[in-house]
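Enquirer: Mind having a look at this structure? Questions to follow.
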Amino acid sequence: MNLKFCSTCSGRDGGGSGYSIEAIVNASINLRTAALQGVPGRAAAVRGKPTAGAAPDATSLLARAEKVAAVAAEYATVVDRDSRFPTEAIAEARAQRLMGVAVPREFGGEGAGIGDVIEVCYVLGRACASTAMVYAMHQTKVACLTRHGGGSAWHQLLLRRLCNEQLLLASSTTEGQAGGDVRNSAAPVERGDSRIALERQATVISYGEAADGIVTTARRAADAASTDQVLVVFLKQNYTLERLSGWDALGMRGTCSGGFKLLANGTTEQILPVSYDKIHAQTMTPVAHLAWSGAWAGIAAAAVERARSFVRKASQHSGGMLPPGAAHLTRASASLRTLRSLIASTLTRFEAAADNAAALESVDFQTGINLLKVNASELAVATVMSAMQACGLSGYRNDSEFSIGRHLRDILSSPIMISNDRILANIGTATLLGGVPSSLRD
Ligand SMILES: Cc1cc2nc3c(=O)[nH]c(=O)nc-3n(C[C@H](O)[C@H](O)[C@H](O)COP(=O)(O)OP(=O)(O)OC[C@H]3O[C@@H](n4cnc5c(N)ncnc54)[C@H](O)[C@@H]3O)c2cc1C
(Lines give C-alpha, C1' and ligand atoms only; values in the text may rest on other atoms or scores of the structure.)
Protein backbone atom coordinates (compact mmCIF):
# COMPACT_ATOMS: atom_id res chain seq x y z
CA MET A 1 0.00 0.00 0.00
CA ASN A 2 1.43 3.35 -0.99
CA LEU A 3 -0.30 6.03 1.04
CA LYS A 4 0.44 9.66 0.35
CA PHE A 5 0.25 12.29 3.05
CA CYS A 6 -1.48 15.41 1.79
CA SER A 7 0.90 18.35 1.58
CA THR A 8 -1.78 20.99 1.15
CA CYS A 9 -3.39 20.52 4.51
CA SER A 10 -1.79 23.21 6.59
CA GLY A 11 -3.72 26.05 4.97
CA ARG A 12 -7.36 26.87 5.35
CA ASP A 13 -9.32 24.18 3.57
CA GLY A 14 -6.56 23.99 1.01
CA GLY A 15 -9.13 23.14 -1.59
CA GLY A 16 -7.83 19.60 -1.39
CA SER A 17 -8.03 16.64 0.85
CA GLY A 18 -6.63 18.23 4.01
CA TYR A 19 -8.41 19.95 6.81
CA SER A 20 -6.29 21.69 9.41
CA ILE A 21 -6.94 22.74 12.98
CA GLU A 22 -6.44 26.34 11.81
CA ALA A 23 -9.22 25.93 9.29
CA ILE A 24 -11.58 24.66 11.93
CA VAL A 25 -10.56 27.44 14.32
CA ASN A 26 -11.12 30.06 11.64
CA ALA A 27 -14.42 28.58 10.57
CA SER A 28 -15.63 28.53 14.13
CA ILE A 29 -14.52 32.09 14.81
CA ASN A 30 -16.32 33.25 11.70
CA LEU A 31 -19.48 31.49 12.62
CA ARG A 32 -19.69 32.00 16.32
CA THR A 33 -17.65 33.19 19.26
CA ALA A 34 -15.29 30.32 19.27
CA ALA A 35 -12.87 31.59 21.87
CA LEU A 36 -11.73 28.64 23.93
CA GLN A 37 -12.31 30.58 27.17
CA GLY A 38 -15.18 29.05 29.01
CA VAL A 39 -14.74 25.64 27.42
CA PRO A 40 -15.27 23.21 30.28
CA GLY A 41 -12.66 20.90 31.64
CA ARG A 42 -12.49 17.39 30.37
CA ALA A 43 -14.45 15.76 33.15
CA ALA A 44 -17.65 17.59 32.28
CA ALA A 45 -17.26 17.04 28.57
CA VAL A 46 -16.53 13.33 28.91
CA ARG A 47 -19.74 12.92 30.84
CA GLY A 48 -21.48 14.56 27.91
CA LYS A 49 -23.59 16.65 30.25
CA PRO A 50 -23.94 20.40 30.09
CA THR A 51 -22.28 22.31 32.89
CA ALA A 52 -24.36 25.42 32.31
CA GLY A 53 -27.89 25.88 31.11
CA ALA A 54 -30.58 23.25 31.00
CA ALA A 55 -31.31 20.59 28.44
CA PRO A 56 -33.81 21.66 25.77
CA ASP A 57 -37.45 21.75 26.69
CA ALA A 58 -38.75 18.27 25.83
CA THR A 59 -42.00 19.61 24.40
CA SER A 60 -40.28 22.00 22.06
CA LEU A 61 -37.79 19.34 21.02
CA LEU A 62 -40.63 16.96 20.19
CA ALA A 63 -42.45 19.71 18.30
CA ARG A 64 -39.31 20.27 16.21
CA ALA A 65 -38.96 16.52 15.63
CA GLU A 66 -42.62 16.38 14.54
CA LYS A 67 -41.90 19.02 11.89
CA VAL A 68 -39.07 16.89 10.54
CA ALA A 69 -41.29 13.81 10.72
CA ALA A 70 -43.96 15.57 8.65
CA VAL A 71 -41.45 16.17 5.86
CA ALA A 72 -40.00 12.67 6.24
CA ALA A 73 -43.47 11.12 5.93
CA GLU A 74 -44.20 13.13 2.80
CA TYR A 75 -41.13 11.75 1.04
CA ALA A 76 -40.90 8.28 2.63
CA THR A 77 -42.48 6.44 -0.30
CA VAL A 78 -40.29 8.04 -2.93
CA VAL A 79 -37.14 7.70 -0.80
CA ASP A 80 -37.89 3.98 -0.51
CA ARG A 81 -38.90 3.55 -4.14
CA ASP A 82 -35.83 5.31 -5.55
CA SER A 83 -33.45 4.12 -2.84
CA ARG A 84 -32.33 7.69 -2.39
CA PHE A 85 -31.13 9.76 0.55
CA PRO A 86 -33.94 11.52 2.47
CA THR A 87 -32.63 14.93 1.42
CA GLU A 88 -35.73 16.91 2.35
CA ALA A 89 -36.11 15.39 5.83
CA ILE A 90 -32.46 15.89 6.73
CA ALA A 91 -32.66 19.47 5.40
CA GLU A 92 -35.61 20.02 7.74
CA ALA A 93 -33.67 18.42 10.62
CA ARG A 94 -30.94 20.96 9.95
CA ALA A 95 -33.49 23.77 9.74
CA GLN A 96 -34.85 22.63 13.14
CA ARG A 97 -31.23 22.53 14.44
CA LEU A 98 -31.55 18.91 15.46
CA MET A 99 -28.12 17.72 14.33
CA GLY A 100 -26.19 19.17 17.29
CA VAL A 101 -28.94 18.96 19.88
CA ALA A 102 -26.98 16.51 22.07
CA VAL A 103 -23.81 18.58 22.09
CA PRO A 104 -23.30 20.35 25.44
CA ARG A 105 -24.18 24.04 25.47
CA GLU A 106 -20.54 24.94 26.07
CA PHE A 107 -19.77 23.70 22.58
CA GLY A 108 -22.78 25.32 20.94
CA GLY A 109 -25.36 22.55 21.35
CA GLU A 110 -28.42 22.16 23.57
CA GLY A 111 -27.23 19.53 26.02
CA ALA A 112 -29.96 17.04 25.16
CA GLY A 113 -29.61 13.63 26.78
CA ILE A 114 -29.76 10.26 25.09
CA GLY A 115 -33.38 9.98 26.25
CA ASP A 116 -34.24 13.05 24.17
CA VAL A 117 -32.31 11.72 21.20
CA ILE A 118 -34.08 8.37 21.17
CA GLU A 119 -37.45 10.10 21.41
CA VAL A 120 -36.54 11.97 18.22
CA CYS A 121 -35.50 8.66 16.61
CA TYR A 122 -38.87 7.20 17.59
CA VAL A 123 -40.81 10.16 16.16
CA LEU A 124 -38.83 9.98 12.90
CA GLY A 125 -39.14 6.18 12.75
CA ARG A 126 -42.91 6.50 12.68
CA ALA A 127 -42.57 8.62 9.53
CA CYS A 128 -39.60 7.27 7.57
CA ALA A 129 -37.32 4.46 8.73
CA SER A 130 -34.34 5.63 6.71
CA THR A 131 -34.52 9.18 8.06
CA ALA A 132 -34.70 7.80 11.60
CA MET A 133 -31.75 5.48 11.06
CA VAL A 134 -29.63 8.22 9.48
CA TYR A 135 -30.38 10.41 12.51
CA ALA A 136 -29.67 7.54 14.93
CA MET A 137 -26.29 6.79 13.35
CA HIS A 138 -25.33 10.46 13.25
CA GLN A 139 -26.25 10.91 16.92
CA THR A 140 -24.18 7.87 17.88
CA LYS A 141 -21.13 9.52 16.34
CA VAL A 142 -21.98 12.82 18.05
CA ALA A 143 -22.18 11.00 21.40
CA CYS A 144 -18.72 9.46 20.86
CA LEU A 145 -17.28 12.89 20.11
CA THR A 146 -19.07 14.60 22.96
CA ARG A 147 -18.19 12.04 25.59
CA HIS A 148 -14.64 11.25 24.49
CA GLY A 149 -13.44 14.24 22.48
CA GLY A 150 -13.85 16.86 25.20
CA GLY A 151 -10.14 16.75 26.05
CA SER A 152 -9.12 17.57 22.50
CA ALA A 153 -9.18 21.10 21.09
CA TRP A 154 -9.68 19.75 17.58
CA HIS A 155 -12.78 17.80 18.54
CA GLN A 156 -14.16 20.61 20.68
CA LEU A 157 -13.95 22.91 17.72
CA LEU A 158 -15.45 20.28 15.47
CA LEU A 159 -18.44 20.06 17.83
CA ARG A 160 -18.87 23.83 17.62
CA ARG A 161 -18.73 23.61 13.86
CA LEU A 162 -21.15 20.70 13.82
CA CYS A 163 -23.70 22.80 15.74
CA ASN A 164 -23.12 25.95 13.73
CA GLU A 165 -23.25 24.30 10.35
CA GLN A 166 -25.50 21.36 11.30
CA LEU A 167 -22.98 18.88 9.94
CA LEU A 168 -23.99 15.28 9.25
CA LEU A 169 -21.56 12.53 10.33
CA ALA A 170 -21.46 9.00 8.90
CA SER A 171 -19.96 5.88 10.41
CA SER A 172 -17.45 3.38 9.08
CA THR A 173 -16.88 0.24 11.12
CA THR A 174 -17.62 -2.53 8.60
CA GLU A 175 -14.49 -3.41 6.65
CA GLY A 176 -13.57 -5.97 3.99
CA GLN A 177 -15.27 -9.32 4.59
CA ALA A 178 -15.22 -8.91 8.38
CA GLY A 179 -18.86 -7.81 8.58
CA GLY A 180 -20.01 -6.55 11.97
CA ASP A 181 -16.81 -7.53 13.79
CA VAL A 182 -16.53 -3.95 15.06
CA ARG A 183 -13.78 -4.68 17.60
CA ASN A 184 -11.26 -5.69 14.93
CA SER A 185 -9.83 -3.42 12.24
CA ALA A 186 -7.62 -4.34 9.31
CA ALA A 187 -6.49 -1.00 7.86
CA PRO A 188 -3.98 0.89 10.03
CA VAL A 189 -3.57 4.62 10.53
CA GLU A 190 -0.31 5.48 8.70
CA ARG A 191 1.65 8.17 10.51
CA GLY A 192 4.24 10.69 9.34
CA ASP A 193 5.16 13.47 11.78
CA SER A 194 1.82 15.08 12.61
CA ARG A 195 0.13 13.75 9.47
CA ILE A 196 -2.02 10.63 9.21
CA ALA A 197 -3.48 8.66 6.30
CA LEU A 198 -5.94 5.81 6.05
CA GLU A 199 -6.95 3.54 3.19
CA ARG A 200 -9.91 1.43 4.10
CA GLN A 201 -12.14 -1.06 2.29
CA ALA A 202 -15.32 0.29 3.85
CA THR A 203 -17.86 -2.33 2.81
CA VAL A 204 -20.82 -0.32 4.11
CA ILE A 205 -21.04 3.40 4.82
CA SER A 206 -24.60 4.60 5.12
CA TYR A 207 -25.14 8.00 3.44
CA GLY A 208 -21.37 8.11 2.81
CA GLU A 209 -21.77 10.46 -0.13
CA ALA A 210 -24.22 12.78 1.62
CA ALA A 211 -22.27 13.14 4.86
CA ASP A 212 -20.03 16.05 5.84
CA GLY A 213 -17.63 13.74 7.63
CA ILE A 214 -16.94 10.10 8.43
CA VAL A 215 -16.09 8.76 11.85
CA THR A 216 -14.14 5.56 11.35
CA THR A 217 -12.47 2.86 13.36
CA ALA A 218 -8.92 1.91 12.36
CA ARG A 219 -5.96 -0.06 13.63
CA ARG A 220 -3.82 2.31 15.75
CA ALA A 221 -0.68 1.75 13.63
CA ALA A 222 0.77 -0.66 11.09
CA ASP A 223 2.38 -2.76 13.84
CA ALA A 224 -0.66 -2.72 16.16
CA ALA A 225 -2.93 -5.69 16.81
CA SER A 226 -6.29 -5.70 15.01
CA THR A 227 -8.05 -5.04 18.33
CA ASP A 228 -5.81 -2.04 19.17
CA GLN A 229 -8.12 0.48 17.54
CA VAL A 230 -8.66 4.20 17.40
CA LEU A 231 -11.62 6.27 16.30
CA VAL A 232 -10.80 9.01 13.78
CA VAL A 233 -12.89 11.83 12.34
CA PHE A 234 -12.29 12.79 8.75
CA LEU A 235 -14.14 15.74 7.28
CA LYS A 236 -15.23 15.78 3.66
CA GLN A 237 -12.18 17.78 2.65
CA ASN A 238 -10.00 15.00 4.07
CA TYR A 239 -11.13 12.09 1.93
CA THR A 240 -12.24 10.63 -1.32
CA LEU A 241 -14.69 7.76 -1.72
CA GLU A 242 -14.34 5.24 -4.53
CA ARG A 243 -17.51 3.25 -4.90
CA LEU A 244 -17.16 -0.50 -4.35
CA SER A 245 -20.83 -1.49 -4.25
CA GLY A 246 -24.28 0.02 -4.52
CA TRP A 247 -27.26 -0.29 -2.21
CA ASP A 248 -30.22 -2.07 -3.72
CA ALA A 249 -31.55 -3.56 -0.50
CA LEU A 250 -34.81 -4.99 0.74
CA GLY A 251 -35.41 -2.12 3.14
CA MET A 252 -33.75 0.89 4.75
CA ARG A 253 -33.23 1.91 1.15
CA GLY A 254 -32.86 5.60 1.92
CA THR A 255 -29.82 4.98 4.11
CA CYS A 256 -27.87 4.52 0.85
CA SER A 257 -25.48 2.12 2.57
CA GLY A 258 -23.07 1.53 -0.31
CA GLY A 259 -19.51 0.26 -0.08
CA PHE A 260 -16.51 2.50 -0.69
CA LYS A 261 -12.76 2.55 -0.72
CA LEU A 262 -12.08 5.33 1.78
CA LEU A 263 -8.85 7.25 1.11
CA ALA A 264 -8.30 9.77 3.90
CA ASN A 265 -5.65 12.23 5.03
CA GLY A 266 -5.49 14.39 8.14
CA THR A 267 -3.57 15.23 11.26
CA THR A 268 -2.98 13.18 14.40
CA GLU A 269 -5.29 15.59 16.26
CA GLN A 270 -8.23 14.05 14.42
CA ILE A 271 -7.77 10.78 16.31
CA LEU A 272 -9.94 10.73 19.42
CA PRO A 273 -7.76 10.87 22.54
CA VAL A 274 -9.43 7.83 24.12
CA SER A 275 -8.73 4.33 22.74
CA TYR A 276 -11.60 2.74 20.84
CA ASP A 277 -12.12 -0.16 23.26
CA LYS A 278 -13.26 2.39 25.88
CA ILE A 279 -15.37 4.37 23.44
CA HIS A 280 -16.97 1.16 22.16
CA ALA A 281 -17.99 -0.10 25.58
CA GLN A 282 -18.93 3.22 27.21
CA THR A 283 -20.64 5.04 24.37
CA MET A 284 -20.70 3.52 20.90
CA THR A 285 -22.53 0.32 21.79
CA PRO A 286 -24.98 1.78 24.34
CA VAL A 287 -25.92 4.82 22.27
CA ALA A 288 -26.10 2.90 18.98
CA HIS A 289 -28.30 0.20 20.46
CA LEU A 290 -30.59 2.70 22.20
CA ALA A 291 -30.88 5.00 19.19
CA TRP A 292 -31.43 2.12 16.74
CA SER A 293 -34.04 0.67 19.08
CA GLY A 294 -35.78 4.05 19.21
CA ALA A 295 -35.94 4.11 15.42
CA TRP A 296 -37.16 0.49 15.23
CA ALA A 297 -39.84 1.17 17.86
CA GLY A 298 -41.00 4.06 15.68
CA ILE A 299 -41.33 1.79 12.66
CA ALA A 300 -43.22 -0.75 14.78
CA ALA A 301 -45.52 1.96 16.15
CA ALA A 302 -46.31 3.17 12.63
CA ALA A 303 -47.26 -0.38 11.63
CA VAL A 304 -49.50 -0.73 14.70
CA GLU A 305 -51.13 2.59 13.86
CA ARG A 306 -51.98 1.31 10.38
CA ALA A 307 -53.28 -1.97 11.76
CA ARG A 308 -55.51 -0.13 14.23
CA SER A 309 -56.93 2.06 11.45
CA PHE A 310 -57.56 -1.01 9.32
CA VAL A 311 -59.36 -2.95 12.06
CA ARG A 312 -61.52 0.09 12.89
CA LYS A 313 -62.45 0.65 9.27
CA ALA A 314 -63.10 -3.04 8.60
CA SER A 315 -65.35 -3.37 11.65
CA GLN A 316 -67.29 -0.22 10.66
CA HIS A 317 -67.91 -1.75 7.26
CA SER A 318 -69.23 -4.98 8.71
CA GLY A 319 -71.60 -3.64 11.32
CA GLY A 320 -69.18 -3.88 14.21
CA MET A 321 -67.85 -7.35 13.37
CA LEU A 322 -64.09 -7.52 13.85
CA PRO A 323 -62.05 -8.78 10.87
CA PRO A 324 -60.47 -12.24 11.21
CA GLY A 325 -56.98 -10.89 11.96
CA ALA A 326 -58.08 -8.51 14.73
CA ALA A 327 -56.42 -10.55 17.48
CA HIS A 328 -53.10 -9.83 15.79
CA LEU A 329 -53.62 -6.13 16.51
CA THR A 330 -53.74 -6.96 20.21
CA ARG A 331 -50.54 -8.96 19.81
CA ALA A 332 -48.90 -6.10 17.93
CA SER A 333 -49.89 -3.62 20.66
CA ALA A 334 -48.62 -5.99 23.34
CA SER A 335 -45.21 -6.49 21.74
CA LEU A 336 -44.91 -2.74 21.11
CA ARG A 337 -45.57 -2.14 24.82
CA THR A 338 -42.88 -4.67 25.75
CA LEU A 339 -40.47 -3.06 23.30
CA ARG A 340 -41.06 0.42 24.73
CA SER A 341 -40.62 -0.87 28.31
CA LEU A 342 -37.40 -2.63 27.34
CA ILE A 343 -35.97 0.52 25.79
CA ALA A 344 -37.08 2.68 28.73
CA SER A 345 -35.58 0.36 31.35
CA THR A 346 -32.29 0.02 29.46
CA LEU A 347 -32.16 3.80 29.07
CA THR A 348 -32.60 4.17 32.83
CA ARG A 349 -29.72 1.76 33.42
CA PHE A 350 -27.51 3.64 30.98
CA GLU A 351 -28.32 7.00 32.51
CA ALA A 352 -27.59 5.63 35.99
CA ALA A 353 -24.21 4.29 34.90
CA ALA A 354 -23.30 7.10 32.48
CA ASP A 355 -20.74 8.75 34.78
CA ASN A 356 -19.20 5.49 35.90
CA ALA A 357 -16.79 3.95 33.40
CA ALA A 358 -16.38 0.78 35.45
CA ALA A 359 -20.13 0.24 35.62
CA LEU A 360 -20.48 0.81 31.88
CA GLU A 361 -17.69 -1.67 31.16
CA SER A 362 -19.02 -4.31 33.57
CA VAL A 363 -20.02 -7.68 32.15
CA ASP A 364 -23.55 -7.21 33.41
CA PHE A 365 -24.08 -3.84 31.73
CA GLN A 366 -22.44 -4.95 28.49
CA THR A 367 -24.58 -8.09 28.39
CA GLY A 368 -27.72 -6.03 28.95
CA ILE A 369 -26.91 -3.42 26.34
CA ASN A 370 -26.09 -6.09 23.76
CA LEU A 371 -29.25 -8.00 24.56
CA LEU A 372 -31.21 -4.78 24.07
CA LYS A 373 -30.22 -4.86 20.41
CA VAL A 374 -31.18 -8.51 20.02
CA ASN A 375 -34.47 -8.27 21.93
CA ALA A 376 -35.52 -4.89 20.52
CA SER A 377 -34.99 -6.06 16.96
CA GLU A 378 -36.90 -9.30 17.55
CA LEU A 379 -39.79 -7.47 19.24
CA ALA A 380 -39.90 -4.86 16.49
CA VAL A 381 -40.05 -7.53 13.78
CA ALA A 382 -42.73 -9.43 15.73
CA THR A 383 -44.77 -6.24 16.13
CA VAL A 384 -44.65 -5.38 12.45
CA MET A 385 -45.46 -8.98 11.47
CA SER A 386 -48.49 -8.98 13.78
CA ALA A 387 -49.60 -5.64 12.36
CA MET A 388 -49.41 -7.07 8.86
CA GLN A 389 -51.42 -10.12 9.84
CA ALA A 390 -53.99 -7.85 11.46
CA CYS A 391 -54.41 -6.06 8.15
CA GLY A 392 -54.47 -9.29 6.14
CA LEU A 393 -54.44 -8.80 2.40
CA SER A 394 -54.67 -5.01 2.82
CA GLY A 395 -51.42 -5.08 4.77
CA TYR A 396 -49.75 -7.43 2.32
CA ARG A 397 -50.54 -5.33 -0.73
CA ASN A 398 -48.20 -2.53 -1.73
CA ASP A 399 -51.05 -0.53 -3.28
CA SER A 400 -53.23 -0.23 -0.20
CA GLU A 401 -53.56 2.59 2.30
CA PHE A 402 -52.98 -0.06 4.99
CA SER A 403 -49.89 -1.57 3.37
CA ILE A 404 -47.29 -2.76 5.87
CA GLY A 405 -44.86 -3.67 3.09
CA ARG A 406 -42.35 -0.86 3.60
CA HIS A 407 -42.42 -1.19 7.38
CA LEU A 408 -41.80 -4.92 7.13
CA ARG A 409 -38.92 -4.53 4.66
CA ASP A 410 -37.37 -1.77 6.77
CA ILE A 411 -37.69 -3.59 10.09
CA LEU A 412 -36.15 -6.77 8.68
CA SER A 413 -32.83 -4.90 8.68
CA SER A 414 -32.86 -4.84 12.48
CA PRO A 415 -31.77 -8.41 13.28
CA ILE A 416 -29.01 -8.28 10.65
CA MET A 417 -27.68 -4.78 11.38
CA ILE A 418 -24.87 -6.54 13.20
CA SER A 419 -26.21 -10.03 13.18
CA ASN A 420 -28.13 -11.01 16.30
CA ASP A 421 -26.40 -14.39 16.04
CA ARG A 422 -23.00 -12.69 16.17
CA ILE A 423 -24.04 -10.73 19.27
CA LEU A 424 -25.49 -13.79 21.01
CA ALA A 425 -22.30 -15.76 20.27
CA ASN A 426 -20.15 -12.91 21.62
CA ILE A 427 -21.99 -12.78 24.93
CA GLY A 428 -22.34 -16.55 25.21
CA THR A 429 -19.48 -16.88 27.67
CA ALA A 430 -20.74 -14.00 29.82
CA THR A 431 -24.04 -15.77 30.32
CA LEU A 432 -22.12 -18.61 31.98
CA LEU A 433 -20.78 -16.17 34.57
CA GLY A 434 -22.79 -14.93 37.55
CA GLY A 435 -26.05 -16.34 38.72
CA VAL A 436 -29.72 -15.82 38.27
CA PRO A 437 -30.87 -12.49 39.85
CA SER A 438 -32.05 -12.87 43.42
CA SER A 439 -34.83 -10.29 43.08
CA LEU A 440 -37.08 -9.02 40.33
CA ARG A 441 -35.95 -5.41 40.44
CA ASP A 442 -32.20 -5.42 41.09
C1 LIG B 1 -29.35 -0.61 7.26
C2 LIG B 1 -27.90 -0.88 7.58
C3 LIG B 1 -27.05 0.20 7.69
C4 LIG B 1 -25.69 -0.03 7.97
N5 LIG B 1 -24.86 1.05 8.06
C6 LIG B 1 -23.55 0.86 8.31
C7 LIG B 1 -22.67 1.98 8.38
O8 LIG B 1 -23.07 3.13 8.21
N9 LIG B 1 -21.37 1.76 8.61
C10 LIG B 1 -20.88 0.49 8.79
O11 LIG B 1 -19.68 0.37 9.04
N12 LIG B 1 -21.68 -0.60 8.74
C13 LIG B 1 -23.00 -0.44 8.48
N14 LIG B 1 -23.83 -1.53 8.41
C15 LIG B 1 -23.26 -2.89 8.50
C16 LIG B 1 -23.39 -3.51 9.88
O17 LIG B 1 -22.71 -2.72 10.81
C18 LIG B 1 -22.80 -4.93 9.86
O19 LIG B 1 -21.49 -4.90 9.43
C20 LIG B 1 -23.56 -5.83 8.95
O21 LIG B 1 -24.91 -5.82 9.32
C22 LIG B 1 -23.00 -7.25 8.94
O23 LIG B 1 -23.19 -7.83 10.18
P24 LIG B 1 -22.57 -9.26 10.52
O25 LIG B 1 -21.18 -9.38 10.07
O26 LIG B 1 -22.76 -9.41 11.99
O27 LIG B 1 -23.45 -10.29 9.77
P28 LIG B 1 -23.43 -10.90 8.28
O29 LIG B 1 -23.55 -9.89 7.21
O30 LIG B 1 -24.51 -11.90 8.34
O31 LIG B 1 -22.02 -11.59 8.09
C32 LIG B 1 -21.65 -12.71 8.79
C33 LIG B 1 -20.24 -13.09 8.39
O34 LIG B 1 -20.20 -13.56 7.05
C35 LIG B 1 -18.96 -13.22 6.46
N36 LIG B 1 -19.20 -12.61 5.17
C37 LIG B 1 -20.11 -11.66 4.89
N38 LIG B 1 -20.07 -11.37 3.58
C39 LIG B 1 -19.13 -12.14 3.03
C40 LIG B 1 -18.63 -12.30 1.72
N41 LIG B 1 -19.12 -11.59 0.71
N42 LIG B 1 -17.63 -13.17 1.53
C43 LIG B 1 -17.14 -13.90 2.54
N44 LIG B 1 -17.59 -13.80 3.80
C45 LIG B 1 -18.55 -12.94 4.05
C46 LIG B 1 -18.28 -12.23 7.34
O47 LIG B 1 -17.12 -12.82 7.89
C48 LIG B 1 -19.26 -11.93 8.45
O49 LIG B 1 -18.58 -11.97 9.65
C50 LIG B 1 -25.20 -1.36 8.14
C51 LIG B 1 -26.09 -2.44 8.06
C52 LIG B 1 -27.42 -2.21 7.77
C53 LIG B 1 -28.36 -3.38 7.67
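The values are calculated or read from the model by the stated rules, or taken from the named source; none is laboratory data. Computed from a predicted structure; not experimentally measured. No Cβ is skipped: glycine too gets one built from the backbone with ideal geometry, and neighbour counts run over all protein chains shown.
Enquirer: Looking for whichever is in the same structural domain as residue 65 (by TED's automatic domain parsing), surrounded by fewer than 20 Cβ atoms within 10 Å (Cβ to Cβ) and out of contact with any strand residue (DSSP E or B) (no Cβ under 9 Å at 6 or more places or on another chain) here; the options are 94, 147, 126, 160. Which one fits?
Expert: Exactly one of 94, 147, 126, 160 is in the same structural domain as residue 65 (by TED's automatic domain parsing), surrounded by fewer than 20 Cβ atoms within 10 Å (Cβ to Cβ) and out of contact with any strand residue (DSSP E or B) (no Cβ under 9 Å at 6 or more places or on another chain), namely 94.
Enquirer: Any chance segment 100-111 includes a residue that's under 16 Å from the mean Cα position of the chain (by Cα), more than 16 Å from the ligand (Cβ to nearest atom) and more than 21 Å from residue 232 (Cβ to Cβ)?
Expert: Yes, segment 100-111 contains at least one residue that is under 16 Å from the mean Cα position of the chain (by Cα), more than 16 Å from the ligand (Cβ to nearest atom) and more than 21 Å from residue 232 (Cβ to Cβ).
Enquirer: Mind checking which pairs have a first residue in segment 265-288 that is crowded, with 24+ Cβ neighbours inside 10 Å and a second that is among the aromatic types (Phe, Trp, Tyr), Cβ under 6 Å, 6 or more apart or different chains?
Expert: That search, which allows pairs on different chains as well, returns 266/234; 286/350.
Enquirer: What number goes with the only condition from (1) buried (at least 24 other Cβ atoms within 10 Å of the Cβ); (2) within 13 Å of the ligand (Cβ to nearest atom); (3) closer than 27 Å to residue 201 by Cβ that residue 131 does not pass?
Expert: If we test residue 131 against (1) buried (at least 24 other Cβ atoms within 10 Å of the Cβ); (2) within 13 Å of the ligand (Cβ to nearest atom); (3) closer than 27 Å to residue 201 by Cβ, just (3) comes out false.
Enquirer: Tell me which residues, restricted to segment 170-199, are closer than 18 Å to residue 214 by Cβ and within 10 Å of the ligand (Cβ to nearest atom).
Expert: Those that are closer than 18 Å to residue 214 by Cβ and within 10 Å of the ligand (Cβ to nearest atom): 170, 171, 172, 173, 174, 175, 176, 178, 180, 182.
Enquirer: Oh, and also: Where residues in segment 386-428 are under 22 Å from the mean Cα position of the chain (by Cα) and among the basic types (Lys, Arg), which of them is surrounded by the fewest Cβ atoms within 10 Å (Cβ to Cβ)?
Expert: If we take residues in segment 386-428 being under 22 Å from the mean Cα position of the chain (by Cα) and among the basic types (Lys, Arg), then 422 is surrounded by the fewest Cβ atoms within 10 Å (Cβ to Cβ).
Enquirer: Based on this model, can you work out whether residue 262 counts as buried (at least 23 other Cβ atoms within 10 Å of the Cβ), in contact with a strand residue (DSSP E or B) (Cβ under 7 Å, 6 or more places away or on another chain) and in a strand (DSSP E or B)?
Expert: On the way: buried (at least 23 other Cβ atoms within 10 Å of the Cβ): yes; in contact with a strand residue (DSSP E or B) (Cβ under 7 Å, 6 or more places away or on another chain): yes; in a strand (DSSP E or B): yes.
So residue 262 passes the test.
Enquirer: Which residue is farthest from residue 129 (Cα to Cα), if the candidates are limited to segment 230-256 and must be in contact with a helix residue (DSSP H, G or I) (Cβ under 6 Å, 6 or more places away or on another chain) and within 13 Å of the ligand (Cβ to nearest atom)?
Expert: 231
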